[in-house]
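A short worksheet on the structure shown next.
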Amino acid sequence: MPKPLKAQDPGRSVDAWVGAELRHRRLQAGLKQAELADFAKVDSSLISKLELGVRGLQADTARRLDQVLRTEGFFQRALPLVEREKDKRAEQSDNLAETASDTGGAPLLRGMLESRVSDDVREDSVHRRDLLVAAVGLTGLAAQVAQSLEQRLEFFELDVDDDALQQVEQAVKALARSNRPAVETLQSAQQVAARVAVLADLTRRPSKLTAAHRSAGQLHGLMASSAFDLGEWDACDQISIAARTYASLGEDDSLQAWVLGLQASAANWRSDPDAALVFLEEASVLAPKGEPALRVRAIMARSFALLGDVSALRRLLGDIEAEGTPNSEDRLAGRIGGEFAFGEARAAACLATACLDSGLGAESERWAMRALEAMDATPFSNRSVSQVAGARIDLAAAQLLSGRAGEAVALLESVLRSSLIGNASIAGRLRRVRGMLAHQRYQRDDRVRTVIEVIDGSTGADQKG
């Protein structure tokens, strides 16, 4: 069992803060103290002393740490603060020595020490004796406390403003709740994420760093979701991994579960339900009760359908229906919402798709109707146009399974009038329903032929999905 790390107090001094930051970045890189020392070509004891704040940072060491930990010059930028505190300590020590000399206290203090200190200490360097003299010199104690407090306040005044992090959270919320095209969302999220990276590099408070990482995770989640909508599966996977890393650093289990669910959805769309279930198994452990847990199970229903496990799908549908609509909201779904929310409407739409994949026409129609009813009850400004369109396409497909082509074509015509063809999820659904419309029994229907032509024209260039 590894030895527990010694506690740190980053606010004690600049050296202590640098040490806390060094430990954080070393652990983030997955390195032991000895490994970091080996890579940086320094003594392993130096890393320990730096992390505990009992040794000040030197220029050469700062440069090597920046190189090994890839901190973009962070430790070298901290050097002026380290040097300034060192100069203040030296000045303070000189003042104490001068005070003791003026009052005749130094000989008295040395006499007290020499009567109490062992022979080993007496034989040690004069430097250690001077430190002991300064420690006993109570004359400057009040000045030391005042100066230490002043330095600490001055130091934290340099930290990131709370307003900056609040502005980032508001930007994330606006992006998550917008109905803009995926490309625009992707671009905007990238811009805000770049700003968050700067804030995370500047902050010195662990709580603010955690908040910055949480926002970075949410922004990467939105970017991954946009890549999913664009059908860029490889990019979706890579960005999702980054989102999960930030979510872990931000101590946000709900966000980790959300990203794992997105990866599972992408695997389902690539017809790899076995991989999806691996993601969902991990997500089910992390997801809080309520909306996050419901989302995991709804995506799992799609995986069962793709595997052809109808009995497992029916059991899951029964469990979800018996539990009813979740009455709890977690921080991600409630405070940020939008793309991160997963209420009754989205759950029902997801389950309708799963039933459709299993050829369960009646069940699919029932869930799709429930999804559209819940969406209609949502304020217009909060509705997702793509989710409404997806539910309508699935409902049309279910109606085709029941032989009701007229109703299905009317629904499809309303969808095709929208500007969502670039969405991979919508395009995939349209290609599926196009295959159903191509059945011989519909070939003499002019409206059906027209719908097929529009679908071919709008999705022919998109071969993903």
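Observations
- Residues that are surrounded by 15 or more Cβ atoms within 10 Å (Cβ to Cβ), among the charged types (D, E, K, R) and modelled with pLDDT under 80, drawn from the range 434-465: Asp462
- Index of the failed condition, Arg366 passing every other in (1) crowded, with 20+ Cβ neighbours inside 10 Å; (2) more than 24 Å from Trp258 (Cα to Cα); (3) among the basic types (Lys, Arg): (1)
- Among residues of the range 398-409 that are at negative phi, those with a beta-carbon under 6 Å from a residue that is surrounded by fewer than 20 Cβ atoms within 10 Å (Cβ to Cβ) and aromatic (Phe, Trp, Tyr) at least six positions away or on a different chain give the pairs Ala405/Tyr442.
One line per residue, one yes/no per condition, for (1) at pLDDT 85 or above; (2) touching a Ser or Thr at 6+ places or on another chain (Cβ under 6 Å); (3) under 26 Å from Lys208 (Cα atoms); (4) of a type in the set (Lys, Arg):
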site	(1), (2), (3), (4)
Met1	no, no, no, no
Ala20	yes, no, yes, no
Arg23	yes, no, yes, yes
Gly30	no, no, yes, no
Ala40	yes, no, no, no
Glu51	yes, no, yes, no
Val54	no, no, yes, no
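- Residue match in the range 291-306 (condition: assigned to a loop (DSSP other than H, G, I, E, B) and either surrounded by 16 or more Cβ atoms within 10 Å (Cβ to Cβ) or in contact (Cβ under 8 Å) with a residue 24 or more places away in the chain (or both)): no
This table checks each residue for (1) buried (at least 23 other Cβ atoms within 10 Å of the Cβ); (2) over 25 Å from Ser226 (Cβ atoms); (3) modelled with pLDDT of 90 or more.
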site: Glu329; (1), (2), (3): no, no, no
site: Gly337; (1), (2), (3): no, no, no
site: Ala341; (1), (2), (3): no, no, no
site: Arg346; (1), (2), (3): no, no, no
site: Gly361; (1), (2), (3): no, yes, no
site: Ser381; (1), (2), (3): no, no, no
site: Val385; (1), (2), (3): no, no, no
site: Asp394; (1), (2), (3): yes, no, no
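- One residue stands out in the range 264-276 among those that are of a type outside the set (Ser, Thr, Tyr) and in contact with a Leu (Cβ under 9 Å, 6 or more places away or on another chain): the one that is farthest from Gly428 (Cα to Cα), namely Asp274.
Conditions (1) outside any helix (DSSP H, G or I); (2) in contact (Cβ under 8 Å) with a residue 40 or more places away in the chain, marked per residue:
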{"position": "Gly221", "(1), (2)": "no, yes"}
{"position": "Ile239", "(1), (2)": "no, no"}
{"position": "Thr245", "(1), (2)": "no, no"}
{"position": "Ala267", "(1), (2)": "no, no"}
{"position": "Ser271", "(1), (2)": "yes, no"}
{"position": "Glu281", "(1), (2)": "no, no"}
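The values are calculated or read from the model by the stated rules, or taken from the named source; none is laboratory data. The structure presented is a predicted model; accordingly, all values stated were derived computationally and were not measured. Ideal geometry is used to build each Cβ from the backbone, glycine not excepted, and the neighbour counts take in all protein chains shown.
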